[in-house]
Every structure is written in C-alpha cells, then in structure tokens.
Amino acid sequence: MTRLTVLAAVSSLAFAHAPLAAQDVRIALDGDAAGPQIDRHIFGQFAEHLGTGIYGGVWVGEDSEIPNVRGIRTDVVQALKTLKIPNVRYPGGCFADEYHWRDGVGPNRRSTVNANWGNAIDPNTFGTDEFFDFIGMIDSEAYISVNVGSGTIQEAADWMAYMTADTRSSAGQDRAANGHAEPYEIAFLGLGNENWGCGGHMTPEHYVDLMKRHARFDRNYNPAQPADGDNAMKRVAVGPSGDDPSYTEAVMKAWAGRDWTWSIEGLSLHYYSVPEWPASRPSVDFDEDDYALILQTTLKMDDLLKQHSAIMDKYDPEKTVPLIVDEWGVWLAENPGSPAGFLQQQNSLRDAIVAALNFNIFARHADRVRGANIAQMVNVLQAMILTDGARMLLTPTYHVHEMYLPMQDATLVPIEFDGGWYHRNGMALPGVDALAFRDTAGKLWLSLVNLDPSEEKDIVLELSDIRVSRAEGQVLTGPNVNSINSFEAPDTISPRAIRGAVNGARVRVNLPAKSIAVLALED
Ligand code: AHR
C-alpha cells in the first residue's frame with residue numbers, strides 16, 4: 001500500500017488535526033485579503049503558419065476524410081473549446097512579418113514559400129476568413145499580428161479595413177463577397193513580431209518610428225469596437241527579448257511622450273524555457289538533471305517580469321500598459337525524423353509542471369501581466385494537442401490548462417508560505433509552489449505544484465477569517481517526470497480526483513511527488 005493510500009484510509013478529521021511534521025509545507029491564507037484580478041487573457045494561445053500547427057492540426061480542408069466543418073477539424077475544435085481559450089494569436093510569429101494577407105483570401109489563393117519554417121509550401125487555403133471561422137468555432141477572440149517587417153503600412157491598413165470595415169466600403173464588400181458580411185472583431189493587434197530579431201533586426205529607435213505609424217494607421221473600423229469602448233482593440237508593441245531592456249525602454253519612453261495621434265495598449269515579451277540556443281534538449285527520455293534545468297530556466301520568467309515591470313513603472317506607474325507574454329513555453333529538440341523547421345516535440349509531465357509554474361508566475365504579476373500566449377496550440381513546441389493523420393491526443397499541458405480554468409478572471413488571494421527546496425545537480429529550486437484565488441463566482445481555490453520528483457509533500461493550509469468544509473479538486477501526475485501521452489497510451493498523464501482533509505480553519509492535502517493540484521475550498 002502506498003503512503004497516499006494509507007493516508008486516504010485514515011479519517012479526514014484526524015489528518016486535519018495532526019501536528020505539523022518536518023516535511024509539511026505550511027500556507028497561511030487570510031480570507032479577507034484580495035489582490036488584483038488575474039486576466040483570463042493569460043490563457044491565450046498561439047497558432048502560427050508553422051509545420052503542422054495549422055495545416056493538418058487545425059485545417060484539413062472540406063474534402064478530407066478527417067471529420068471537419070468547412071475544412072476545420074471537428075475533434076480539435078471540440079477539445080480546444082473545452083479550454084475556453086480567450087484569444088488566439090495569428091498568423092505568427094516570424095511568419096507574420098513575411099505574411100501577405102491577400103494571398104489567403106478569396107477564390108484564387110496563391111501558394112507561397114514559408115521561408116522561416118522549413119521552406120514548406122503554404123497553399124494559403126487557410127487565411128483570414130478561415131481563421132475567424134475557426135476562432136468562432138472555439139468561442140475565442142482574435143489576436144492578429146500585422147506585417148511590420150517586410151510589408152507596407154498601407155498593406156496592413158488595407159488588411160484592417162478588410163477585417164473590420166462594414167459593407168458601405170469596398171473593403172467590407174470584398175469580405176462580404178468572400179462570405180462574411182459582418183465585420184470581424186479584433187481583441188489584440190500585434191504591431192510586428194520580434195522586430196529585434198526575425199522581424200527585421202531593427203534598432204529600438206527604428207522600430208519605434210515604424211510602430212507609431214502602424215499604431216496610427218492600422219485602424220479598426222468595426223462600429224462595435226469604438227476606440228473608447230470597453231471592448232476596444234488593444235495595440236501591442238514589440239517589447240523585450242529575454243533580459244534585453246532596450247526595446248522596453250524605447251517603447252515605454254515613446255509611449256510616455258505620446259500625443260493624441262497614437263498610443264499602445266500592450267507591450268509584448270517573449271521568453272522560452274530554453275537553457276541554451278539552439279534549443280536541443282530532448283522532449284523524451286530526459287534525465288533528472290535536465291528536468292531540474294528546464295524548471296530552473298522556467299522560473300527565470302519571474303525575474304524577467306520584475307525587471308521589465310520596473311522599467312515600465314518608470315514611465316507608467318499607473319500600470320496602464322499591460323505586459324503581454326505572447327510567446328512562452330518549453331522549446332526542445334525536434335522529434336527525430338520530423339521535417340526540419342516544423343518544431344515538433346513531445347510533451348511530458350515536466351512540461352505540464354512548466355505550464356503550471358508559468359501560470360502561477362503570471363498570476364502573481366497580475367497587476368502588470370494581463371495577457372500571455374503559450375507557443376503553440378497544436379503540433380508545434382509546447383502544444384495542447386498532437387495529431388497524426390486522423391488521430392489526436394491531449395498532452396499533459398492541455399490538462400493543466402483545463403485544471404486552471406477557474407483562474408480565468410479570478411481575484412488573486414495573497415498567501416504566505418515556505419515551499420522548501422528541491423536540490424539537484426547544484427541547483428536549488430523551490431520544493432512547492434502555491435497560489436490562491438477566488439473565481440468569478442467567489443469560490444476559493446488553491447493551486448499547488450510539487451517540483452520534487454521523488455518526495456510527496458503534506459500541505460497544511462491555515463485559514464484566518466474564513467472556514468471551509470470541503471477541499472476537492474484534481475491532481476495531475478504520472479509515473480515519471482518524462483512520462484508522455486502517446487497515441488498508443490493517450491491517458492498516461494491525465495487528471496484524477498484529489499481531496500484534502502478539512503477541519504474548519506485547517507486543510508491538509510497530501511501532494512504527490514512531481515504533481516500539480518487545483519482544489520476548490522468550499523464553504
Ligand atoms: O514560436 C516559434 C517562433 O519563436 C516564433 O515564430 C517567433 O516569434 C519566435 O522566435
């Protein structure tokens with residue numbers, strides 16, 4: 001009998017009353033305390049024209065034998081819909097700065113070479129109208145990135161008119177002729193992508209000049225999205241690469257000196273869990289040293305957010321401009337035998353832990369971080385879903401997204417805790433990470449991550465000013481940190497029920513090694 005089963009067999013009350021032991025992690029929570037709102041947009045995703053992220057993963061075409069609606073995979077839509085994904089960033093990525101939207105609308109599509117990603121031929125059968133059809137199917141919102149690197153401002157402005165103008169204009173009539181009379185809504189507009197790198201290697205000053213013109217001329221004409229309304233489109237400028245402060249400084253300084261002609265409503269940050277470039281760590285069969293190293297690299301996200309928030313605070317102490325981490329995740333070696341440049345990798349329990357740690361970090365920075373997009377949605381990098389022809393599987397990262405659904409638009413509840421340490425190969429990582437929040441209905445939740453791959457932990461939550469009667473939720477763990485879901489064994493890593501032992505002001509949870517748990521604390 002495992003220790004977990006033994007513990008489950010003892011009376012809940014006795015366990016809740018048990019004195020604290022050396023391995024216990026104590027968390028103090030004041031029921032009256034409330035922090036900032038955790039924006040649901042931190043659960044955004046990213047779908048680039050890259051490998052089989054779109055073609056094969058989302059789009060199979062109407063003539064495919066794979067079940068689809070208007071060319072879009074039914075199984076993938078159904079799985080993604082469950083995640084209530086708040087926005088999808090599209091069409092890239094590096095791809096966006098070489099994308100010419102006219103190739104992908106109307107009856108005469110032009111095929112192009114995807115030079116960033118393996119020189120694959122892009123048939124452009126999936127374009128603007130198919131993207132909006134897709135996000136409509138999964139009830140999500142659009143995060144469109146315009147081509148700042150190699151396109152003209154006029155081309156971007158014309159795309160905006162095609163997407164958002166009504167049918168009194170020719171652009172709106174063009175869209176209507178392609179089957180969509182109503183203007184589309186755009187929640188976020190990315191003004192370029194990594195223009196310090198693949199987007200044209202621009203100096204911060206050059207980018208800022210170009211960005212201001214896009215912020216001015218890439219207009220949203222949709223009458224349902226007035227610029228001063230609650231659902232106004234948010235323009236997101238390119239921000240830092242890792243810890244380089246130059247874009248953050250230049251863009252925020254320009255923003256502080258803005259006039260009525262332009263503004264931005266977001267600054268992007270990209271950071272991947274990659275110990276060294278080029279990304280070469282394996283996604284399967286890695287050892288514990290590698291596990292700890294990837295987690296240590298992930299936890300640097302917190303330092304980066306502090307660093308760039310501090311720069312932003314100089315120009316924007318009111319925190320008007322959100323930081324949007326619109327690319328994050330584990331970037332690993334490509335699967336052996338997969339086409340070069342398709343960024344296909346497996347997804348392990350370790351990657352699920354990376355996702356949970358990142359969500360907790362974003363939530364702790366909720367006053368500044370009000371958006372994030374995992375890279376990427378299907379078949380690329382740290383994906384939610386892997387497909388192989390007609391087959392589809394849900395990754396451990398998918399399950400974390402589902403478990404964290406109550407965190408969307410929740411209110412952070414400050415807690416105090418000491419999670420101890422997990423030591424490996426000269427690295428010292430937190431043993432346990434924890435976060436508390438109240439969902440939009442007022443229910444209290446606790447999320448817990450045990451980074452230690454071998455030691456389970458007894459978590460003791462001590463409540464002041466509130467009492468709870470039940471603590472129940474889901475836990476995600478598996479045989480090993482490198483365990484994966486495969487097409488042959490798709491449920492190796494899948495959530496199961498977990499209960500805490502409750503005694504009014506004290507809740508005890510036995511947290512398995514290498515696990516993520518999310519529990520509702522019921523009155
Ligand atoms: O997500 C893959 C690539 O990573 C994106 O295209 C680019 O923006 C980043 O470098």
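The values are calculated or read from the model by the stated rules, or taken from the named source; none is laboratory data. In this text the structure is predicted, and so the values were computed from the model without any measurement. Reconstructed Cβ throughout: ideal geometry from the backbone, glycine too, with neighbour counts over all protein chains shown. Areas reflect the complete protein model, heavy atoms only, side chains present, ligands, DNA and RNA absent. Shrake-Rupley method; radii C 1.70, N 1.55, O 1.52, S 1.80 Å.
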Being assigned to a loop (DSSP other than H, G, I, E, B) and of a type in the set (Ser, Thr, Tyr) is the filter here, so list the residues in segment 144-159 that pass it.
Ser150, Thr152
Just one of (1) more than 16 Å from the ligand (Cβ to nearest atom); (2) touching a Ser or Thr at 6+ places or on another chain (Cβ under 7 Å); (3) under 23 Å from Trp59 (Cα atoms) trips up Arg102, so point out which.
(2)
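Are there strands (runs of 3 or more DSSP E) fully within segment 304-418 with at least 2 residues that are more than 16 Å from the ligand (Cβ to nearest atom) and closer than 25 Å to Leu267 by Cα? List them.
Details: elements: 323-330, 369-375, 385-388, 391-394, 411-413, 415-417.
Per the criteria, 369-375, 411-413.
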How many residues does segment 160-195 hold that are small (Gly, Ala, Ser), open to solvent by 60 Å² or more (accessible area, probe 1.4 Å) and assigned to a helix (DSSP H, G or I)?
2
What's the total number of residues in segment 265-292 that are in contact with a helix residue (DSSP H, G or I) (Cβ under 6 Å, 6 or more places away or on another chain), more than 15 Å from the ligand (Cβ to nearest atom) and among the aromatic types (Phe, Trp, Tyr)?
1
Could you tell me whether any residue of segment 55-74 is buried (at least 21 other Cβ atoms within 10 Å of the Cβ) and among the polar types (S, T, N, Q)?
no
Residues located in segment 162-210, provided they are on the phi > 0 side of the Ramachandran plot and either of a type in the set (D, E, K, R) or more than 16 Å from the ligand (Cβ to nearest atom) (or both)
Gly179, Glu194
Restrict the check to segment 109-131 and report whether at least one residue is open to solvent by 10 Å² or more (accessible area, probe 1.4 Å), away from the ligand (no atom under 16 Å from the Cβ), among the basic types (Lys, Arg) and touching a Leu at 6+ places or on another chain (Cβ under 7 Å).
no
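Any residue at all in segment 440-458 that's in a strand (DSSP E or B), under 21 Å from the mean Cα position of the chain (by Cα), modelled with pLDDT of 95 or more and over 18 Å from Leu349 (Cα atoms)? Outline the logic, then answer.
Looking only at segment 440-458, we keep the residues that are in a strand (DSSP E or B), and these are 444-450, 457-458.
Then keep just the ones that are under 21 Å from the mean Cα position of the chain (by Cα); that gives 445-450.
Now narrow it down to the ones that are modelled with pLDDT of 95 or more: 445-450.
Right, trim to over 18 Å from Leu349 (Cα atoms) and you get 445-446.
Looking through segment 440-458, at least one residue is in a strand (DSSP E or B), under 21 Å from the mean Cα position of the chain (by Cα), modelled with pLDDT of 95 or more and over 18 Å from Leu349 (Cα atoms).
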Does segment 496-506 contain at least one residue that is open to solvent by 40 Å² or more (accessible area, probe 1.4 Å), on the phi < 0 side of the Ramachandran plot and within 22 Å of the chain's Cα centre (by Cα)?
no
Counting only residues that are open to solvent by 10 Å² or more (accessible area, probe 1.4 Å) and either within 14 Å of the ligand (Cβ to nearest atom) or closer than 19 Å to Ile324 by Cβ (or both), how many does segment 211-224 have?
2
Given the condition within 25 Å of Asp122 (Cβ to Cβ), acidic (Asp, Glu) and at pLDDT 95 or above, answer yes or no: does some residue in segment 367-375 qualify?
no
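Among the listed residues Trp262, Trp277, Trp255, which satisfies the condition of being over 30 Å from Asp228 (Cα atoms) and not acidic (Asp, Glu)? Break it down stepwise before answering.
Values: Trp262 fails: over 30 Å from Asp228 (Cα atoms); Trp255 fails: over 30 Å from Asp228 (Cα atoms).
When all the criteria are applied, what remains is Trp277.
Here's a check for you: in segment 252-277, which residue that is under 22 Å from the mean Cα position of the chain (by Cα) and over 19 Å from Pro322 (Cα atoms) is surrounded by the most Cβ atoms within 10 Å (Cβ to Cβ)?
Just the residues of segment 252-277 that are under 22 Å from the mean Cα position of the chain (by Cα), to begin with: 264-277.
Restricting the remaining residues to those that are over 19 Å from Pro322 (Cα atoms) gives 272-277.
Working: Tyr272: 19, Ser273: 27, Val274: 18, Pro275: 13, Glu276: 9, Trp277: 8.
The selected residue is Ser273.
Test Thr248 against the criterion of being under 30 Å from Ala340 (Cβ atoms), open to solvent by less than 10 Å² (accessible area, probe 1.4 Å) and either more than 16 Å from the ligand (Cβ to nearest atom) or outside any loop (DSSP other than H, G, I, E, B) (or both), and give yes or no.
The answer is no for Thr248.
Just to be sure, is Ala292 at pLDDT 95 or above, farther than 20 Å from Ile361 by Cβ and among the small types (Gly, Ala, Ser)? Outline the logic, then answer.
Numbers: at pLDDT 95 or above: yes; farther than 20 Å from Ile361 by Cβ: no; among the small types (Gly, Ala, Ser): yes.
Criteria not met by Ala292.
Restricting attention to segment 459-479, which residues are in a loop (DSSP other than H, G, I, E, B) and surrounded by fewer than 19 Cβ atoms within 10 Å (Cβ to Cβ)? Give the steps one after another, and end with the answer.
Filtering segment 459-479 down to residues in a loop (DSSP other than H, G, I, E, B) leaves 465-467, 469, 477-479.
Hits for segment 459-479 are Asp465, Ile466, Arg467, Ser469, Pro479.
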Given the criterion within 16 Å of the ligand (Cβ to nearest atom), basic (Lys, Arg) and in contact (Cβ under 8 Å) with a residue 24 or more places away in the chain, identify the matching residue among Arg73, Arg26, Arg40, Arg89.
Arg89
